[in-house]
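A short write-up of the structure that comes next.
The values are calculated or read from the model by the stated rules, or taken from the named source; none is laboratory data. This one's a predicted model, so the numbers in the text were calculated from it and none came from an experiment. Note that we place each Cβ from the backbone using ideal geometry, even for glycine, and neighbour counts take in every protein chain shown.
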Amino acid sequence: MTVTDYKSVAAQKREARDQAFLEKWLIPEEKLPSADVKDVLSWPLKSGYLTGEEITITESTYNEMHEKIKCKEWSAYQIASAFCHRASIAHQLVNCLSEVFFVDGLKQAKELDEYYEKTNKLKGPFHGLPISLKDNLNVKGQATSIGFVGLAFNPKEYETDSLIVSKLREMGAVFCFKTNVPVAMMMPESTNHIYGNTVSPFNRGTTSGGSSGGECALGPLLGRCYLGIGSDIGGSLRIPASLQNLFTLRPSSGRFTTYGSRSGLPGLESVASVNGPISTTMENLEFYCENLINHGKQWLDDSKCLEVPWRDVEVPEKLTIAILRDDGVVKPYPAIDRALKHVTESLELQGHEVIDWNPLHHERLTNLIGSFFLSDGGEHCKDLLNLSGEPVFDYMKPYETSADLPVSKLWDLHSERTKLCNEYLAQWNKTCEKTSSGNPIDAIIMPVSPYSGVGVGKFRYIGYTAVFNALDWAAGTVPVTRVDKALDMKDETYMPRNPMDAQTYEEYDVDEVEGCAVSVQVVCKKLQEEKVVKIMKNVSEIIGTSDYWSRS
C-alpha cells in the first residue's frame, strides 16, 4: 500500500466505528466541554444528558446490579442501555473506544431477559452484567486491529470469541464495545494511526497510558459499574490504571486465560502477556476474579491455564510491608513520594509494620524484558506495519532497527533471568531477619512508574512494572490521591543519576500534570493473586479509597 492508502484505510475504519454509535446518545460538538477544560471526571454526571435511572444504574457495583437483576427490578437491557449511553459520552470526552457494537450488545441483553423470563434462571453469575474489553480480545462478529492499520479489516470480523470472552458470555456477561490501544500494544501511550490518541479524564492534556489506555480512560467516566479486561506484558494494566486511579490486578501467567486473543508479538514465550481485570471498585474486582475462575473453569479449554480455584486466603491482622520509594534508576515525581509517605504513615498508625525494600536487579531485569520483546528482530511488528505502509511511531523505532537474537543468546538470557529471579526471591525470604514477627514480608508497596501524570509523548520508563513481568509475580494498583501543584513542586536541588533520570526530571512540569492521578503498586509473589487482592483491599480501606469513585 502507499502512504495515501494507509490514511484512506484508517479513515474508512474510523468512519465505520463512528457510524456504529447511536445518534440518540451523541452530544452535539458545541455542547461538549472545550479543549481547555482538562478535568472532565464529573462531566457525565453533571451534563444533564444521563437520566436519573441511568445514573443510578451506572453508579451501582456488580453485586448491586446482580441483585437488582435477580429480583427483576432492573433488566439486562436497561443496564446495557445505561452502560452504552455513558460510554458514548466518555468516548466523546477522551476518545477511548475502538470497535463499537452497541446494537449487538443490546440484542444480547434482551435475549438474556427473555431467557430469565422463560426459565426463571440466570445464565450465570455475570447474567446481564456489562464488561468492557481491550481491543486485543476477539469478539465474534467484530474486528481486532490492535492498533495496526493493516489489521483494520483483516479479518473484517472474527468467527469465534477469545476463550475468556466465550467463558464470560456463557455466564451471562454482556459485550457492547472494545477500547483503544497503541500499535501492537507495545507502547506506553494509547495512540495509533486509526483512532488517534486516548487522553486521561483527570487531565486531558496528559496521556491515558498504555497499552490498556482506552480501558483505563473509560473507567472513571463510567462510574462504579465499570469492570474492564486489559492485558499486561510490561506494565500495560498497571501503568494506565495508575494514571486513572483505578484498581487492577496483574496476575501470574496461567490464572486467567489468554487463549484466542490477538497479539502484536505472537509466539513470544520468553515473557508472558496476561489478562487482568480493571475497575473503579475493589468490590467489582473481587467479584470478577472469584466468579470467572471458580465458575469459568478455564483450565478445561486452555492447556496453559492452571487448575487453581480462587481461594479464600487469610492475611495477618498485623501486616508487614516493605516500601520501595525509588528504584535507583529513575526518581518518581513528587506526588508519588507524597503518596508513599501517606500510605506508610497510615499503615503504621494502624499498627502495621513497615520496612524498606532494596530494588535488587530492577534495572537488569527490565533490560532483559526489553531484549525479549525485540528478540525476533522486530520481524512480526514490521510485517504487520508493512501491510499498510504506515509510518512507525518513535516508541516503536527499536522494532524497526533491532537485530534477530540468536537462539543460543536467548537461552543465555533465560538462564540469567532465572538466576536473578531466584536471588530476588531469596531477598524476599530473608526479610524474616528484619521483621518483628520473624516471618517474611507480606507485600511490597512501591510506585507504579515515575509519573504522576505525564504529557503526551513523555512516558519513557517502565522499570517499576516490567521487573515483575520478568519475575511473573502478582501485582495490583491502589489509588491514593491527585497531583496538587501547591504540594508537588519540583525539587530544584535534585541531581539526576543518569540520562533517563535527567530527562524525566527535566520534563516534570507540575502545571502540566495538575490534578492527575497518583497510585501505588502492591506486589506479592508468584500465584499469590488472592493475597494481592486482599492486601489491596486492606490498604485502600486504611487510606480511604476502597470505593474511590463514589467519593468523587
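Values for this structure:
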read-out: Hits in region 70-104 (condition: touching a His at 6+ places or on another chain (Cβ under 9 Å), closer than 21 Å to P125 by Cβ and in contact (Cβ under 8 Å) with a residue 60 or more places away in the chain); value: A76
read-out: Those residues of region 18-54 which are touching a residue at least 40 places away in the same chain (Cβ under 8 Å), closer than 23 Å to S279 by Cα and part of a helix (DSSP H, G or I), in sequence order; value: W43, P44, L45
read-out: Set K123, K140: member being surrounded by fewer than 18 Cβ atoms within 10 Å (Cβ to Cβ), closer than 26 Å to L222 by Cβ and either more than 21 Å from the chain's Cα centre (by Cα) or assigned by TED's automatic domain parsing to the domain that holds S98 (or both); value: K140
read-out: Filtered residue count, region 492-516, keeping only those that are surrounded by 14 or more Cβ atoms within 10 Å (Cβ to Cβ) and farther than 21 Å from S242 by Cβ; value: 3
read-out: Some residue of region 1-15 being more than 18 Å from G219 (Cβ to Cβ), at pLDDT below 95 and of a type in the set (D, E, K, R); value: yes
read-out: Conditions (1) crowded, with 17+ Cβ neighbours inside 10 Å; (2) hydrophobic (A, V, I, L, M, F, W, C); (3) over 20 Å from S519 (Cβ atoms); number of the one not met by W357; value: (3)
read-out: Flag if I57 is crowded, with 23+ Cβ neighbours inside 10 Å, part of a helix (DSSP H, G or I) and among the β-branched types (V, I, T); value: yes
read-out: Qualifying position, being within 27 Å of T206 (Cα to Cα), assigned by TED's automatic domain parsing to the domain that holds I146 and touching a Phe, Trp or Tyr at 6+ places or on another chain (Cβ under 7 Å), among G264, G276; value: G276
read-out: Yes/no for I89 being in a helix (DSSP H, G or I), under 19 Å from F102 (Cα atoms) and either in the same structural domain as E111 (by TED's automatic domain parsing) or not small (G, A, S) (or both); value: yes
read-out: Of the criteria (1) surrounded by 24 or more Cβ atoms within 10 Å (Cβ to Cβ); (2) in contact (Cβ under 8 Å) with a residue 60 or more places away in the chain; (3) of a type in the set (A, V, I, L, M), which one A173 fails; value: (2)
read-out: Options K46, K107, K72, K68; residue that is out of contact with any strand residue (DSSP E or B) (no Cβ under 7 Å at 6 or more places or on another chain) and either within 26 Å of L137 (Cα to Cα) or buried (at least 23 other Cβ atoms within 10 Å of the Cβ) (or both); value: K107
read-out: Within region 302-327, considering residues that are closer than 30 Å to Y494 by Cβ and out of contact with any helix residue (DSSP H, G or I) (no Cβ under 7 Å at 6 or more places or on another chain), the one surrounded by the most Cβ atoms within 10 Å (Cβ to Cβ); value: L324
read-out: Counted residues, region 60-73 - those being closer than 18 Å to S279 by Cβ and not in a helix (DSSP H, G or I); value: 2
read-out: Tally of residues being assigned to a loop (DSSP other than H, G, I, E, B) and within 13 Å of the chain's Cα centre (by Cα) across region 158-181; value: 2
read-out: Residue that is surrounded by the most Cβ atoms within 10 Å (Cβ to Cβ), among those in region 525-552 that are basic (K, R) and modelled with pLDDT of 95 or more; value: K534
read-out: Those residues of region 239-254 which are over 21 Å from S98 (Cβ atoms) and either surrounded by 24 or more Cβ atoms within 10 Å (Cβ to Cβ) or aromatic (F, W, Y) (or both), in sequence order; value: S242, N245, F247, L249, R250, P251
read-out: Selection within region 375-420 - small (G, A, S) and either assigned to a helix (DSSP H, G or I) or surrounded by 14 or more Cβ atoms within 10 Å (Cβ to Cβ) (or both); value: S375, G377, G378, S388, G389, S402, S408, S415
